[in-house]
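Student: Pasting a structure below so you can have a look.
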Number of protein chains: 4
Amino acid sequence: MFNIALFGAGRIGQIHAQNVALNADCTLKYVVDMNDDVAQKTAEKYGTKAVSVEYALNDSDVHAVLICTITETHADLIERSAKAGKAIFCEKPVDLSIERVNACLTIVKEEGVPLMMGFNRRFDPNFAHLKAVLDSGDMGSVEMVTISSRDPEAPPSSYINSSGGLFRDMTIHDFDVARWLLGEDPVSIYATASSMTSDHVKEAGDVDTAIVTLTCKSGKMAVITNSRRASYGYDQRVEVHASGGMLTVNNMPESTLSIASDKGMTSQKPMAFFLERYAAAYQHELDAFVTGLKSGIENYPVGEDGRKALLIADAAFKSFETGSVQSLTFD
Amino acid sequence: MFNIALFGAGRIGQIHAQNVALNADCTLKYVVDMNDDVAQKTAEKYGTKAVSVEYALNDSDVHAVLICTITETHADLIERSAKAGKAIFCEKPVDLSIERVNACLTIVKEEGVPLMMGFNRRFDPNFAHLKAVLDSGDMGSVEMVTISSRDPEAPPSSYINSSGGLFRDMTIHDFDVARWLLGEDPVSIYATASSMTSDHVKEAGDVDTAIVTLTCKSGKMAVITNSRRASYGYDQRVEVHASGGMLTVNNMPESTLSIASDKGMTSQKPMAFFLERYAAAYQHELDAFVTGLKSGIENYPVGEDGRKALLIADAAFKSFETGSVQSLTFD
Amino acid sequence: MFNIALFGAGRIGQIHAQNVALNADCTLKYVVDMNDDVAQKTAEKYGTKAVSVEYALNDSDVHAVLICTITETHADLIERSAKAGKAIFCEKPVDLSIERVNACLTIVKEEGVPLMMGFNRRFDPNFAHLKAVLDSGDMGSVEMVTISSRDPEAPPSSYINSSGGLFRDMTIHDFDVARWLLGEDPVSIYATASSMTSDHVKEAGDVDTAIVTLTCKSGKMAVITNSRRASYGYDQRVEVHASGGMLTVNNMPESTLSIASDKGMTSQKPMAFFLERYAAAYQHELDAFVTGLKSGIENYPVGEDGRKALLIADAAFKSFETGSVQSLTFD
Amino acid sequence: MFNIALFGAGRIGQIHAQNVALNADCTLKYVVDMNDDVAQKTAEKYGTKAVSVEYALNDSDVHAVLICTITETHADLIERSAKAGKAIFCEKPVDLSIERVNACLTIVKEEGVPLMMGFNRRFDPNFAHLKAVLDSGDMGSVEMVTISSRDPEAPPSSYINSSGGLFRDMTIHDFDVARWLLGEDPVSIYATASSMTSDHVKEAGDVDTAIVTLTCKSGKMAVITNSRRASYGYDQRVEVHASGGMLTVNNMPESTLSIASDKGMTSQKPMAFFLERYAAAYQHELDAFVTGLKSGIENYPVGEDGRKALLIADAAFKSFETGSVQSLTFD
């Protein structure tokens, strides 16, 4: 039984707390949150204690920490947890600055602790099914990956302003999925983008619509289409063209009800947003982290995956800014 | 090259005329229609002559006739054509009276001419594909057939009054499809029906909604659901459950456009009505008739299929009228 | 907080125990199971105690019981729980004998305790969505209900022998769904059935394939198609034809992955069986029971619904046995 | 009644001949083909004459010509037909050299004759339906267009060698569709491409897999994904993201049959290739040309559309060759 400390009991922290409860091999030992009420309430719900970061890290019975706090605190908490010898699960990103990420990952490496990055989409049952079929070799080798990724609506200006921009905040998930499915790191990137859908995004100096193309040395390629706003809801689809055919993951509808009338045949919109669509992914992600604790094998996205996704996002922004193709290196 | 005389140049006659033109092995020699203008205009369009029934039947160069006139004239025209030694294609039904059908088919048999009944659905590319897979044996043996058959809206009272009622007019097509897919004649039938959708149908003393169950001696069974009105359009679906799985034919949408919006994901309604949905079926049906002229093999629904479908329709009506299960015999 | 005693900690009992844990308003106070190990293990997992039926019913702090034991014990446990003044959730059926059901429900009525029957399908999010749209009136009035209900494969002979037969064991769920969606009790029934798919079912004297038609006084009608074996998996679909159009609930696929290759476009089979397909239904069902405890309003299937479904199943069997249409009365 | 001369009676010429026969307002007056047998046979089939280009152009009763010969002859035949005062329908492209195209279109302009380019996809009922909904304004303004365009397999080396390469031969259709749906000419282009699927394409120095991104001044953008080989068949899909939602045109399956078995739910592959998929498009295209003859209004793709598509294709090739973004100008 692994004892876990939760850092951050907000929206996403609550989900991880619930998934800890559903996992037979771990238990929630501590809850840490800046907001005392939230920390206390969450601790009560799961029959555990609200403490400080220091307290949790000093307890040698704590095997692992879940970092679900705001982005600005991630790198620091990772470093402190690593120095305390804890296994770490951290929501993406490590940091929005690649220099800070490099420094942080060096410490993780020195301390030799596991670090799982919360790229939840790899654990979505649909995407995972696609990847399993690819890995089986039944469909031959990958040639092209196309990723459609759209949010129902843009986040508020306050979020946009501190998000790092479309590529570092939203497309970064798609960069990770692209690398995962291509099975190869891209060597060049081109991004075109504009502000078409959301006035406040434009005012914040950010873009809300983008097409990003990635090319690999082998000739494999990927394209990501993004929008901050899709009137039909949260659009999360993947298409992989392989030598043996095409593998497609479609959206999950809110229900399987369809209505036929004089207006046509209407089926349900995709599940509302990431909490609904990726509910199963969050559970499987936590399970993978715990399985890693048991086996000592990091069979999940690690710090280096977070670093590479950020390098690609930085290059995407530069491509957009300069209107030119950018080379990608990950050294 | 087979010379063909068209009897009846109304809506359905026009379709057959067009399909004769598209078939490389036959040509339209004569057009016959009560309405001189229609006859003349059709003859001109296809570079042929408008004549009388007598004239056409007396021409020994005419190999075959297409009977597309009103139901009341079918049996008489079949008999005259048979006695003139012509191969016959006739729109369903031979007649609404089983005695008249029996008498007519006796003459056809005596004269030894081919008689194809216009059960067009067997030639729909979708249904034909399903049947071909069944016949291949790949899916094992048939266990259950379910047929969904709904018209967009009920025909006018004048039509209802002379139609013979729902079972003899509309369900008769489904009875033929059921026999064709079961590969076995049913031994009993139960029909429940009511007037729910169309006031004028009720006033005409007919029903507009029905469920009909057919049971075979082997244990195979079929169910047909009917409505004279479907707000979403012409509903023509078939599901066959076989030992190896389920084969489904769905409706053909008006186009493959789908629209995703905050109202949901909307795809197109089924093609409007039988002229659109069964356009290809009419062409393949005529081709099958001409292939029969060439080969001498009647690989299509014949008079006996028309007779059996009518016997089932009569029993369906009796089942509905009495509220009891009816035995079926075809002697 | 409502204290709940679980009677029966087998496969279905475990699901209810988990759903009690996920519900904020109730807690598992006791676990009862003939198998001491199972009872003990389940009690430990949820931090509660394994006791006897007597003990649980004698504890005045227990508000409600969940009866998840074998069918033979249901009526007796209902009566004892009712006499102890407990609210009751019971898996279907009350009993396979209508006389026993009547006697049992009389006692429940005398004692004035709530009794919810576990017709889980009403709580499936897909079916519930369909029902909510119907209830909104947007689609007009119901005309026809068609239910497709097939199991992946027949249960073993031991189960078949004590099941009460296809209609009482399997179709009974569909009878409840039909009544629920028709919004009216049927007045007549016709069932045709055969043994086509599973030799051991035939040997046990039961049928494995059936079509059942229900007719209401208003003219509304329903048809249920059943099979004990579907090679493509657990088939649970509903189609409702209303004056405003058709509402369809389709199966839920194992994932949204589809594969396009030279073999065609292949999507996933339906979720394997009832535990997977109805996982959400079981959770919502338990939530509805608890909501009833809070509100005092029985907004769920009650004992009378179980009784009516059994009366219909008995009539279905008689219809099949005699080959004739049966009248339905529920007095 | 418009008299039409057909130049080239090969595969595509035969289709146009058939569509002339189905159009009530025009008639086939002459057939021209290098192969005497083909010319003669086609002329007989449609009751007309096989003649030379000179003969057809010198007949003042000929209103229009259909140019369906090999690419190398297009520009010359357009010029001769224009000088003879004929309305012209020409299969794409005018020529593979932009200088030759410019010269040819200058003559067409001087002569003032109509010139329709055979960009058939605009007349596909599915794409046309999408465009009509866009034009209605119901879905708001376009933001992004994504086009999936894959052939079942690469053409033979002989064809590849004279095709002008992937972008000028295959993607050129997609460039026209992109311009048509964007409603705006792009200002920059980026193409990444590789040889992954077909060895003989690689040996011919051509690419077989590509992603092309187009950006407009307004911020609208489009992406085209191409492959010369798709194991699942001819892939022709379009997705338009507009402010009001997403419009999608999917492939048309060979039939609506789907098969459910223990292998999953399998539906049919897309129609085999362009002759099947675009059969209706070819008919509507010819109808649009004839409607133009009647009205004098060129409501179809004209020479300038052909020229712009070629300019984009040239830029795509340069982008691929240099690995850099290219600006687009159409002066």
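Student: Between A:Asn251, A:Asn120, A:Asn226, where does the largest GNM mean-square fluctuation fall for chain A, given springs only between Cα atoms within less than 10 Å?
Tutor: Result for chain A, Cα springs under 10 Å: A:Asn251 fluctuates most.
Student: In debye, nearest 20: dipole of region A:21-159 around its Cα centre with unit charges on the Cβ of K, R (+) and D, E (-)? Let's see the in-between values first.
Tutor: Details: 14 positive and 22 negative charges, 35 e Å.
Roughly 160 debye for region A:21-159.
Student: Do the alpha carbons of any pairs in C:Lys263/D:Lys92; A:Lys263/D:Lys220; C:Lys217/C:Lys318 sit beyond 25 Å of each other, and which pairs?
Tutor: Checking Cα-Cα distances, C:Lys263/D:Lys92; A:Lys263/D:Lys220 exceed 25 Å.
Student: If you fit an axis through the alpha-carbon atoms of helix C:11-22 and take the longest principal axis of the Cα set of chain C, what angle between them do you get, 0 to 90°, nearest 10?
Tutor: For helix C:11-22, the angle is close to 70 degrees.
Student: Using just the Cα positions, wrap region D:181-331 in a convex hull and report its mean projected area in square nanometres, one decimal place. Spell out each step's value before the answer.
Tutor: On the way: hull surface 53.0 nm².
Mean projected area for region D:181-331: 13.3 nm², to one decimal.
Student: Please report the relative contact order for chain C, taking Cα pairs under 8 Å with a sequence separation of at least 6, and give it as a percent rounded to a whole number.
Tutor: Working: 652 pairs, mean separation 62.0, N = 331.
Once divided by the residue count of chain C, the mean separation gives 19 percent.
Student: Using helices alone, I'd like the mean residue ellipticity at 222 nm for chain A: each DSSP H run of four-plus residues gives -39500 (n - 2.57), total over residue count, nearest 500. Could you put the intermediate results ahead of the total?
Tutor: Values: 12 runs with 130 residues, N = 331.
Mean residue ellipticity, 222 nm, calculated: -12000 deg cm²/dmol.
Student: Still on this model: Any chance you could check the Cα centroid distance between region D:1-54 and region D:130-163 for me, in angstrom?
Tutor: Their Cα centres are 29 Å away from one another.
Student: Follow-up. By the scheme Lys and Arg +1, Asp and Glu -1, what is the net charge of all other residues having a beta-carbon under 13 Å from that of C:Thr48?
Tutor: Values: positive: C:Lys29, C:Lys41, C:Lys45, C:Lys49; negative: C:Asp33, C:Glu44, C:Asp59, C:Asp61.
Every neighbour counted, the sum reads 0.
Student: How many nanometers, to one decimal and shortest first, lie between the label point of A:Ala103 and those of its other copies, if labels sit 7 Å from Cα toward Cβ?
Tutor: 6.7, 8.1, 10.5
Student: Next question, about the same structure. Between C:Gly112, C:His129, C:Val94, whose Cα lies farthest towards the positive end of the dipole of region C:79-133 when Lys and Arg beta carbons carry +1 and Asp and Glu beta carbons carry -1, centred on the Cα centre?
Tutor: Positive-end residue among those listed: C:His129.
Student: Further question: What residues of region B:123-144 lie in the reach of a label at B:Ser218, counting those whose backbone N is under 14 Å from a point 7 Å from the Cα along Cα→Cβ?
Tutor: Taking a point 7 Å out along Cα→Cβ of B:Ser218, the residues of region B:123-144 whose backbone N falls under 14 Å are B:134-144.
Student: Also: In nm to one decimal, list the spacings between the D:Glu203 label point and its equivalents in the other copies, with label points set 7 Å along Cα to Cβ, shortest first.
Tutor: So the label point of D:Glu203 gives 6.1, 6.3, 7.7 nm to the other copies.
Student: In addition: Would you mind telling me which residue in C:Pro152, C:Pro270, C:Pro253 has the biggest mean-square fluctuation in a Gaussian network model of chain C, where springs connect alpha carbons within a distance under 10 angstrom?
Tutor: C:Pro253
Student: Please report the residue of chain C with the smallest beta-carbon distance to the C-to-D rotation axis, and give that distance in Å, no decimals.
Tutor: Closest Cβ to the C-to-D rotation axis, residue and whole-Å distance: C:Thr266, 2.
Student: Can I ask one more? Is region B:29-83 rounded, prolate or oblate when judged by the Cα gyration tensor, a ≥ b ≥ c being the square roots of its eigenvalues, rounded requiring a/c under 1.5 and prolate requiring a/b larger than b/c?
Tutor: Values: a/c = 2.30, a/b = 1.31, b/c = 1.75.
Verdict is oblate for region B:29-83.
Student: Nearest 100 Å² is fine: how much accessible area is buried between C and B, summed over both sides, with a 1.4 Å probe?
Tutor: On the way: alone 15140 and 15170 Å², together 27570 Å².
Using a 1.4 Å probe, the pair buries roughly 2700 Å².
Student: Describe numerically, in nm with one decimal, the distance between label points set 7 Å from Cα along Cα→Cβ at D:Arg100 and at C:Glu99.
Tutor: 9.7
Student: Please compute, for the alpha-carbon atoms of the protein assembly as shown, the extent along each of the three principal axes and give them in descending order in Å.
Tutor: So the extents along the principal axes, rounded to whole Å, are 99, 82, 45.
Student: I would also like to ask the following. Using a cut-off of 10 Å between beta-carbons, work out the net charge of the residues near C:Val62 (Lys and Arg +1, Asp and Glu -1, C:Val62 not included). It would help to have the intermediate numbers written out before the result.
Tutor: Values: positive: C:Lys29, C:Lys86; negative: C:Asp59, C:Asp61.
Net charge in that neighbourhood comes out at 0.
Student: Given the protein chains as shown and a 1.4 Å probe, how many square angstrom of A:Ile147 are accessible, to the nearest 10?
Tutor: 10
Student: P(r) for region A:1-135, please, calculated from all Cα pair distances in 10 Å bins and given in %.
Tutor: Histogram of Cα-Cα distances, whole percents per bin: 13, 41, 33, 12, 1.
Student: Now, a different point. Just to compare against my own numbers: the Cα pair-distance distribution for region D:101-244, 5 Å bins, whole % per bin, please.
Tutor: 2, 9, 16, 18, 18, 15, 12, 7, 2, 0
Student: Put the label 7 Å from Cα along Cα→Cβ for B:Asp76; what are its distances to the other copies, in nanometres, shortest first?
Tutor: Those separations, rounded to one decimal, come out as 6.6, 7.9, 10.0 nm.
Student: Using Cα pairs closer than 8 Å and at least 6 residues apart in sequence, work out the relative contact order for region B:83-162, in percent.
Tutor: 26
Student: Which residues' amide hydrogens lie under 5 Å from the amide hydrogen of A:Met252, considering only partners 5 or more residues apart or on another chain, with H built in the peptide plane?
Tutor: A:Met271
Student: Could you check what % of the DSSP bridge pairs in the protein assembly as shown are antiparallel, to the nearest 5?
Tutor: Numbers: 166 of 270 bridges.
Roughly 60 percent of the DSSP beta bridges within the protein assembly as shown come out antiparallel.
Student: Let's test the formula: R0 of 30 Å, r as the Cβ-Cβ distance of C:Asp37 and C:Asp76. What FRET efficiency results, to the nearest 0.05? Please list the in-between numbers first.
Tutor: Values: r = 24 Å, r/R0 = 0.79.
My answer for the efficiency is 0.80.
Student: Using a Gaussian network model on chain A with a 10 Å cutoff between Cα atoms, which of A:Ser136, A:Ser163, A:Ser148 fluctuates the most?
Tutor: Looking only at A:Ser136, A:Ser163, A:Ser148, the biggest GNM fluctuation is shown by A:Ser136.
Student: Take every DSSP beta bridge with both residues inside chain C and express the antiparallel ones as a percent of the total, to the nearest 5.
Tutor: Details: 36 of 62 bridges.
In chain C, approximately 60 percent of DSSP beta bridges are antiparallel ones.
Student: Counting only heavy atoms of the protein chains, get the accessible area per residue of the protein assembly as shown (1.4 Å probe) and round it to a whole Å² value.
Tutor: The answer is 38 Å² per residue.
Student: Additional query: With axes computed from alpha carbons, what is the tilt in degrees of helix A:172-182 against the longest principal axis of chain A, rounded to the nearest 10 within 0 to 90?
Tutor: 70
Student: Return the inverse of the average 1/r over all pairs of distinct C-alpha atoms in chain B, which is the Kirkwood hydrodynamic radius, in Å to one decimal. Could the numbers behind the result be given before it?
Tutor: On the way: mean 1/r = 0.0480 Å⁻¹.
Its Kirkwood hydrodynamic radius stands at 20.8 Å.
The values are calculated or read from the model by the stated rules, or taken from the named source; none is laboratory data. These numbers were taken from a predicted model, which means no experiment stands behind them. Heads up, the Cβs are rebuilt from the backbone with ideal geometry, glycines too, and the neighbour counts pull from every protein chain shown. For the accessible areas, the whole protein counts, side chains as well, though only heavy atoms, and no ligand, DNA or RNA atoms are used. Shrake-Rupley method; radii C 1.70, N 1.55, O 1.52, S 1.80 Å.
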